[in-house]
Amino acid sequence: MVKFSLKDSDVYYLSLSEQPKRFDADSPVTNVFFDDTNGQVFTVRSGGVTGVTVNSMDKSKCTSFRMEDKGPIISIKFSLDQKVLAIQRNHDGQTATVEFVNFKDLAPTNVEYMHTCKWKCAKILGFVWPKANEIAFITDHGIELLQVLPEKKQLKTLKSISFSGAWFSWCSRSNIVVLASNNGALLQPFFFNNSTITKLQKLELDSSRPVGERDVFILQLCEATWCAIFRHGTSANMSAPLPTEIWLMPISGANGVQHTHILKTGLIGRFALSVVDDLVAVHHQSSQTSQLFDIMEELKVDNNTMIHLPIVPGHSIKPAVVDDQFCPMYSGNWVVFQPDYIIDARLGCLWRVNLIPEGLAHSVQKDDIPKIIAVLLRRKDGVETIYRILNQLVLEVNTYLVELTKSFDEINSVYRKWVDSEVARNTAGVAGAGAGAGAEAWRGRGRAVLTQSDVCTRLLQPHADHDRIVQVVSAYVWSLCAHGLTAGPGLAALCVRALVTRGARGRLRALLRRGALADARPLACQLLSLGHLDPAAAQLALDMMWRLRAREEIVEVLLSSNEPISAVGAAKQMDEATWLGLSPRKLLEAAKTFAEENGQPGAFVAVYHALLGRNERLRGSPHFLKGEQCDSYIEYYNKVTSER
């Protein structure tokens with residue numbers, strides 16, 4: 001099978017941040033904590049006595065301070081506005097409490113207070129900050145949502161809900177927490193919004209196959225929230241486990257999404273998940289590879305599920321460099337957090353996972369090229385890579401014409417949706433800022449769109465002299481037509497020139513007949529200008545002008561083409577005003593020229609008689625008026641008729 005490889009592309013399609021955020025590595029005297037809500041790494045040295053350092057990819061969230069050692073820390077997190085620090089400690093046998101410290105300009109104010117959970121015997125599983133001034137205690141008895149009042153050094157209960165849970169998973173991007181009960185066979189989502197807690201539809205699993213905490217993640221993906229569950233395969237023969245599947249189960253309220261997506265890894269072992277540009281990256285430790293899944297690909301829904309395979313073969317993340325040396329990849333020390341954080345606490349590095357779009361087209365099966373184009377169309381930064389692929393396909397069109405045509409279909413399917421959205425937006429009265437701005441806005445929502453003007457400028461025009469440009473342009477225009485779109489002026493002009501100059505008159509007629517090239521006066525004029533290369537082009541132009549009811553232009557074209565009899569015939573078939581308004585001098589001059597050049601005086605006589613008949617009908621007399629200056633033509637008529 002032929003493989004396609006984008007020239008100068010990276011062999012990798014995932015990479016880590018080029019410059020990791022460094023922090024003090026985990027050690028007997030240093031504990032490391034990570035808050036995925038704020039993206040902050042806390043390194044606590046000697047319980048905080050010798051200092052706490054907070055690092056983040058965002059420099060505005062980095063600070064350091066000291067605090068008193070009051071016992072082992074379980075969790076430490078800033079509020080969303082960085083004004084309150086919450087600390088949970090391991091106090092065996094004591095009531096469940098969380099400590100709070102007020103901060104100003106990322107420095108502690110030495111104002112400390114604490115809050116005890118309402119359920120006296122409860123165990124705090126953890127806490128989260130849904131809003132800047134709201135904190136939720138997640139306990140084995142339920143959830144308590146509180147308002148933090150730092151100036152009063154107290155907390156006020158907003159809402160509480162009872163639920164027996166063993167562990168939880170949290171998504172800060174959607175403010176949804178999932179509590180597990182019944183030994184992991186029941187997952188109950190809760191939504192924090194408007195200072196309250198909403199209980200969402202529960203997710204019930206097979207009681208014989210409960211899940212553990214490490215196998216559940218809450219993801220925000222494709223503008224929806226999902227519960228991702230690792231389903232490790234089992235069989236009667238336990239010595240041969242089956243490959244792991246990842247189930248993405250929609251959480252109620254997620255934009256009306258109802259069906260479950262099943263990601264087939266084909267692997268067994270330890271896994272972790274990242275979300276990168278709305279792609280699910282599945283990291284597999286033992287093979288040291290990552291797979292990419294796109295749940296937006298169009299697949300058949302079967303039994304309320306969609307089954308996905310990796311969009312490209314599994315490959316390792318691009319090796320990362322730390323201190324001028326390659327660091328161990330897929331290390332056992334790696335901890336993966338949502339959506340795209342990776343921490344190596346032993347190495348003291350925080351990375352984010354990045355997508356390398358060009359790597360998706362590094363070495364793919366020929367038949368998979370359109371699928372890769374479709375994947376890139378759903379990525380924020382896919383446009384440049386798409387054009388690189390298309391340009392290479394055009395250069396090698398002898399090999400990839402079918403794949404190029406299918407790629408155009410993928411592109412124009414999205415383009416059609418964008419056109420419809422623009423029409424709806426403008427119809428609703430939203431002021432537009434031009435096609436380019438609209439396309440950029442679409443891309444800003446995580447979708448790429450290739451407008452036909454861009455395709456014309458960036459792909460077709462640069463290859464206008466390619467020996468197979470006819471096939472390329474035809475494929476693109478036919479694809480537009482198949483999606484209910486017509487070629488605009490720029491594309492139509494390029495298409496006509498390519499087809500006429502290369503003698504593809506049959507294709508041109510077919511495109512015009514099917515409406516792929518819309519009738520337009522500029523296009524008709526271009527066809528006329530190419531009439532010296534292909535006489536059929538001039539006839540196509542006249543046919544188009546007739547459909548456009550460009551009456552005067554048709555007559556002018558026929559006269560300039562030395563076709564006076566046809567001009568008179570066309571004028572007489574039009575409305576009466578057009579025929580009566582034609583200058584007799586102009587018609588007779590054209591007829592005389594034709595007669596002399598072709599030795600056909602009868603043509604002049606025919607035009608002359610037609611005008612005499614017009615005069616008779618118009619004025620009741622066949623004679624020309626003095627002001628019409630036709631004396632010389634009357635003499636010429638008398639001459640040619642006397643010689644006959």
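At a glance:
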| item | result |
| --- | --- |
| Two-site FRET efficiency, residue 346 against residue 214, from Cβ-Cβ distance with R₀ of 25 Å, rounded to 0.05 | 0.85 |
| Burial ranking of peptide ranges 370-379, 160-169, 329-338 (average Cβ count within 10 Å, highest at the top) | 370-379, 160-169, 329-338 |
| Cβ crowding within 10 Å averaged over residues, with 202-208, 26-32, 508-514 ranked highest first | 508-514, 26-32, 202-208 |
| Nearest-0.05 FRET efficiency for residue 505 and residue 59, computed from C-beta distance (R0 60 Å) | 0.40 |
| Dipole of the chain, positive end: most advanced residue of 627, 334, 133 [Cβ charges, Cα centre] | 133 |
| Over the chain: helical MRE at 222 nm, DSSP H runs n ≥ 4 each giving -39500 (n - 2.57), nearest 500 | -9500 deg cm²/dmol |
| Contour excess over end-to-end distance, with Cα ends at residue 457 and residue 90 and 0.36 nm allotted per residue | 125.7 nm |
| The chain, accessible surface, carbon-and-sulfur percent (1.4 angstrom probe) | 49 |
| Tilt relative to the chain, helix 435-444 - C-alpha long axis, 0 to 90 degrees, to 10 | 20 |
| Peptides ranked, highest mean first, by Cβ atoms within 10 Å: ranges 282-289, 224-231 | 224-231, 282-289 |
| Karplus-derived 3J(HN,Hα), 6.51/-1.76/1.60, for each residue of the range 3-16, Hz, glycine and proline x | 10, 10, 9, 5, 4, 6, 8, 7, 6, 9, 10, 10, 9, 9 |
| Alpha-carbon centroids, the range 1-70 and the range 364-424: separation in whole Å | 37 |
| Inverse of mean 1/r across different Cα pairs in the chain, Kirkwood, Å | 30.7 |
| Additional length obtainable on full extension of the chain from residue 580 to residue 598, 0.36 nm per residue less Cα span | 3.7 nm |
| Residue 309 versus residue 413: modelled label distance in nm, points set 7 Å from Cα along the beta carbon direction | 1.7 |
| Cα lying deepest toward the dipole's positive end in the chain, options 398, 449, 80, charges on Cβ | 80 |
| Dipole magnitude of the range 3-360, debye to nearest 20 (Cβ charges: Lys/Arg +1, Asp/Glu -1, about Cα centre) | 900 |
| Residue-span extension gain [residue 105 to residue 395] - 0.36 nm each, minus C-alpha spacing | 98.6 nm |
| Lys, Arg +1 and Asp, Glu -1 on Cβ, resulting dipole of the chain about Cα centre, debye, nearest 20 | 960 |
| The range 3-360: relative contact order in percent, alpha carbon pairs under 8 Å with at least 6 residues between | 15 |
| Solvent-accessible area per residue, Å², over the chain with all protein chains present [probe radius 1.4 Å] | 46 |
| Karplus-derived 3J(HN,Hα), 6.51/-1.76/1.60, for each residue of the range 411-422, Hz, glycine and proline x | 5, 7, 5, 6, 4, 4, 5, 5, 4, 4, 5, 5 |
| Estimated vicinal HN-Hα couplings, Hz - the range 287-302 in sequence order (Karplus 6.51, -1.76, 1.60; Gly, Pro = x) | 8, 6, 9, 10, 10, 10, 10, 10, 6, 8, 5, 7, 10, 6, 8, 10 |
| Degrees between helix 601-619 axis and first principal axis of the chain (Cα, 0 to 90, nearest 10) | 90 |
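The values are calculated or read from the model by the stated rules, or taken from the named source; none is laboratory data. Worth saying up front: this structure is predicted, and the values here are computed from it rather than measured. Note: ideal-geometry Cβ built from the backbone for every residue, glycine included; neighbour counts use all protein chains shown. Only protein heavy atoms, including side chains, enter the accessible area calculation; ligands, DNA and RNA are left aside. Shrake-Rupley method; radii C 1.70, N 1.55, O 1.52, S 1.80 Å.
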